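Heads up: the structure comes next, in structure tokens.
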Amino acid sequence: MAKATSKALRNQMMYQVFVRNYSPEGTFKKVEERLDEIKALGTDIIWLMPIHPIGTVKRKGSLGSPYAISDYRAVNLEFGTMEDFKSLVKEIHARGMKCIIDVVYNHTSPDSLLSKEHPEWFYHKEDGSFGNRVGDWTDIIDLDYGNRDLWDYQIETLKMWAEIVDGFRCDVAPLIPLEFWLKARAEVETVRPGCIWLSESVEPGFITYMRGRGITALSDSEIYQAFDLCYDYDVYEKFRAYLAGKGTLAAYAEAIERQEYIYPENFVKLRFLENHDQTRAAFLIPDENALVNWTAFSFFQKGLTLVYAGQEYGAEHTPSLFDKDDVFSEDENDIRLRAQAYAVEAVPDGDGVTATAVQREGAEQELRSLMQKLAGIKRDPLFTDSVYTVKAQEDRFLIAAHEKDGRRAIGVFTVKGGAGYVEVDFPDGVYDNLIGGEKVEVFRGGVSCHGNPIILIREE
């Protein structure tokens, strides 16, 4: 594990932005205009997806993928100038947030600056032409880290950007030698002490597939030696299997608990329901009540919570990486049309009246407001360093707990279905639900759950 990794990252929230699709203009300046809104959500770190120029050869779509970079040391002029970018970062810092940028070091566009100036730094097929080792990535060519001159160039590039930003999200980092990342981290530390390192770790199946082809594919345990944060892909397939009715909630809960003993003591996971590579959470979880509960669980989890721009408004459409596909329109009213508002209110359930989360226009508690509340709860020191457990009940309730020095937080999340009795390891008594503020009684080791998420904390 990276020895300098701070457990305080577990108290934070990251907000992901693709500049092109964040506004009709698709510019740094337009992101800057929305910083107060991003900050108000509870954001600590803004992750900007690749800001660099995009290649034109073998482009996918009309505008190309931001992950097919042509020049690591420049900004995409479609987004603005270098000065515009520096202004954005300055304003992020002025609001007490940090900024990390995407680093795409496994490959470049076929017409990249490096492919022209240093073709020897690239992987070549048997016929001597450029190529890549993952077939469907047709718009890129792979770099070859067997050349140490490439290491020097890439690390100097990182140090250049570290003069401006606070950290890096490293695309498919497991496909690059661990020794490179260790050296890069050590050298960047001389420029940006406390630099944040987030690895896009990969799914277990992808690791075994690549290793079967004789290609470097680092496990999370290896990646953690150089990185502060890893993706949650080691358990994500269990999450998707449950949503699809192909797996159990218990299997997902067990996979999360396993992280507690297979990783170093100060491990930090990036907890997400969606990102730019995955389907929107609101599309996967069309039941509004379930989405509220999954959202609450993602914040309650041990780790740093990720919110992908638009997620806070319940956006269902996953924006394209290859074409202009705005998350927010120019008309503020249209932005609100994409929002799904939620409120906990009493509605008949056939047997009486049950409190549940329902969609309601103009609701006081929107999904966004829920996130704001959850981000505040997450800052409690109990979530920094705790013994963390997750259990499932009846394949529809998740019961999670944090415990440290006599304090205990418990969360009950109804991820499928409505009301029910849930067993909890918590002293009997009446407590305030930290989410909604209502009173919740624990009696004989159980709570009556009416569908809305519950978070309780017991003091010493």
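The values are calculated or read from the model by the stated rules, or taken from the named source; none is laboratory data. Because the structure is predicted, anything quoted here is derived from the model rather than measured. No Cβ is skipped: glycine too gets one built from the backbone with ideal geometry, and neighbour counts run over all protein chains shown. The area values use the complete protein model at the heavy-atom level, side chains included, leaving out ligands, DNA and RNA. Shrake-Rupley method; radii C 1.70, N 1.55, O 1.52, S 1.80 Å.
Positive end of the dipole of the chain, charges at C-beta (+1 Lys, Arg; -1 Asp, Glu), about the Cα centre: which of VAL103, LEU229, THR56 has its Cα farthest in that direction?
So the residue furthest toward the plus end is LEU229.
Based on the mean of other Cβ atoms within 10 Å per residue, sort peptides 260-269, 4-13, 100-109 so the most packed one is first.
The packing order, highest mean first, is 100-109, 4-13, 260-269.
Could you state the angle between the C-alpha long axis of helix 148-162 and the longest principal axis of the C-alpha atoms of the chain, as a value from 0 to 90 degrees rounded to the nearest 10?
Taking Cα atoms only, the helix is inclined about 50 degrees.
Please list 3J(HN,Hα) in residue order for the stretch 407-423, calculated via the Karplus relation 6.51 cos²θ - 1.76 cosθ + 1.60 where θ = phi - 60°; whole Hz, with x for glycine and proline.
After applying 6.51 cos²θ - 1.76 cosθ + 1.60, I find 8, 9, 10, 10, x, 10, 10, 8, 8, 7, x, x, 6, x, 8, 10, 7 Hz.
Taking a quarter of the surface of the Cα convex hull of the stretch 222-320, what do you get in nm²?
For the Cα atoms of the stretch 222-320, the hull's average projected area reads 6.8 nm².
Does the stretch 1-111 come out rounded, prolate or oblate, given a ≥ b ≥ c as the square roots of the eigenvalues of its C-alpha gyration tensor, rounded meaning a/c under 1.5 and, failing that, prolate meaning a/b above b/c?
Verdict is oblate for the stretch 1-111.
Helix 82-94 versus the longest principal axis of the chain: what angle, 0 to 90°, nearest 10, using Cα atoms?
Computed tilt is about 30 degrees.
Where does helix 249-262 land angle-wise versus the long Cα axis of the chain, in degrees 0 to 90, nearest 10?
In the chain, helix 249-262 runs at an angle near 60 degrees to the longest axis.
Using a cut-off of 22 Å between alpha-carbon atoms, which lysines can reach LYS86, once sequence neighbours fewer than 8 places away in the same chain are excluded?
In chain and number order, the partners are LYS29, LYS30, LYS39, LYS98, LYS159.
Kindly rank 390-399, 178-187, 45-54 from highest to lowest mean number of other beta carbons found within 10 Å of each residue.
Taking the mean over residues of other Cβ atoms within 10 Å, the ranking is 45-54, 390-399, 178-187.
By the gyration tensor of its Cα atoms, with a ≥ b ≥ c the square roots of the eigenvalues, what is the shape of the stretch 1-60: rounded for a/c under 1.5, prolate for a/b over b/c, or oblate? Intermediate results must be reported in sequence, preceding the final value.
Values: a/c = 3.66, a/b = 1.41, b/c = 2.60.
Cα axes put the stretch 1-60 in the oblate bin.
Using a 1.4 Å probe on the protein chains only, how many percent of the accessible area of the chain belongs to carbon and sulfur?
50
Which value at 222 nm does the chain reach when only helices count, each DSSP H run of 4 or more adding -39,500 (n - 2.57), with the total divided by all residues and rounded to the nearest 500 deg cm²/dmol?
Rounded to the nearest 500, it is -8000 deg cm²/dmol.
Rounded to the nearest Å, what's the spacing between the alpha carbon centres of the stretch 142-219 and the stretch 374-399? Just the number, please.
About 31 Å separates the Cα centre of the stretch 142-219 from the one of the stretch 374-399.
Which lysines, if any, have their Cα less than 24 Å from the Cα of LYS246, not counting same-chain residues under 8 positions apart?
Reachable lysines: LYS238, LYS391, LYS416.
Viscosity 0.692 mPa s, temperature 37 °C: Stokes-Einstein D of the stretch 142-224 from its Kirkwood Cα radius, in µm² per second?
244
Ratio of alpha-carbon Rg to the 2.2 N^0.38 Å globular estimate for the stretch 262-327, to two decimals, please.
Normalised by 2.2 N^0.38 Å, the Cα Rg of the stretch 262-327 equals 1.25.
Pull up the cross-link candidates among the lysines for LYS116, meaning alpha carbon to alpha carbon under 19 Å and not fewer than 8 places away within one chain.
Counting by Cα, and skipping residues close in sequence, LYS116 has these lysines nearby: LYS58, LYS125.
Quick one: 3J(HN,Hα) in Hz for the stretch 170-182, Karplus 6.51/-1.76/1.60 with θ = phi - 60°, rounded, Gly and Pro as x.
With the stated coefficients, the stretch 170-182 comes to 9, 5, 5, 3, x, 8, 10, x, 4, 4, 5, 5, 4 Hz.
Could you check what % of the DSSP bridge pairs in the chain are antiparallel, to the nearest 5?
Taking every DSSP beta bridge with both residues in the chain, the antiparallel ones total about 60 percent.
Could you state the number of Å between the C-alpha centres of the stretch 1-76 and the stretch 234-312?
For the stretch 234-312 versus the stretch 1-76, the Cα centre distance is 21 Å.
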